[in-house]
1. Treat the count of other C-beta atoms within 10 Å as a stand-in for reagent exposure and order 265, 67 from fewest to most.
2. Just for the Cα atoms in the stretch 114-212, what are the lengths along the principal axes, largest first, rounded to whole Å?
3. How large is the Kirkwood hydrodynamic radius of the stretch 185-297, in angstrom, based on all distinct alpha carbon pairs?
4. Taking the Cβ of each residue in 159, 86, 245 as the centre, tally the other Cβ atoms inside 10 Å and list the residues starting with the fewest.
5. Please report 266, 97 as a ranked list, fewest other C-beta atoms within 10 angstrom at the top and most at the bottom.
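Since every read-out is calculated from the coordinates, none of them should be taken as a lab result. All values reported here derive from a predicted model rather than from experimental measurement. For neighbour counting, all protein chains shown are included, and Cβ atoms are generated from backbone atoms with ideal geometry for every residue, glycine included.
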Ligand code: SF4
């Protein structure tokens with residue numbers, strides 16, 4: 001929990017950050033664009049986020065503190081990625097099923113937090129977060145972000161949101177700040193779901209005929225499909241990633257046995273025979289966990 005209680009996120013409004021975030025994959029940020037099917041481009045030409053001037057790279061030992069003064073300014077105009085575990089927590093906090101929570105609070109099949117036309121998060125009422133106990137990881141970490149790349153993961157400190165009443169300080173360390181946000185179960189959830197990515201990859205290799213499928217094009221199309229916010233194809237695996245209650249017949253509702261969700265996803269995966277569906281679901285899972293989508297589609301034979 002942030003020191004001030006109700007919390008918020010990134011110092012966004014900064015669209016440069018949004019555009020770049022999906023490529024370097026800052027936890028919680030994703031590309032928002034009018035046509036995601038056409039705007040996803042190469043990854044190699046974009047500088048890491050922590051080298052950008054409005055982001056400060058920090059270590060776990062860096063001095064850092066943040067006092068949220070509940071102004072609600074940080075809960076506007078953001079792009080926040082939702083993991084399957086985030087979605088379950090949101091649903092529980094709202095007293096909804098995961099399917100209902102997807103409809104009320106998310107975009108892109110459950111993987112992005114919904115911000116309304118007026119810029120406000122769908123969970124914001126006045127200056128209060130109505131799902132405070134189940135707010136996503138990105139909201140808990142704010143104003144820190146988490147960046148992943150091939151060299152590992154690192155925290156970064158984000159600039160304040162315009163007009164924010166939040167107060168930055170150095171009363172503690174990054175590690176102490178993060179520990180105080182109640183994020184251990186979120187990281188554990190990410191680890192559990194991340195293990196599935198390898199299984200998705202194995203399934204693609206088992207069912208795809210890469211003598212007939214051009215791998216680079218296959219990857220590109222799968223990533224575009226995962227990023228699409230509309231006109232996407234039916235994909236029961238992607239639905240199952242976020243609709244935990246539906247695939248677990250309500251069992252997740254009772255006591256959050258994430259293993260039940262993982263098992264249900266594994267069963268579905270074993271029955272799926274369309275490699276493109278598996279690939280786009282794998283890219284979506286990677287995105288939702290804060291990884292670059294292409295990392296889910298590196299094939300090792
Ligand atoms: S879920 Fe929405 S209202 Fe709640 S902290 Fe996050 S951005 Fe703010």
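1. So the residues, fewest neighbours to most, are 67, 265.
2. Sorted from largest, the Cα extents of the stretch 114-212 read 57, 36, 24 Å.
3. 14.3 Å
4. Going from sparsest to densest Cβ surroundings: 159, 245, 86.
5. Ordered from fewest to most neighbouring Cβ atoms within 10 Å, 266, 97 come out as 266, 97.
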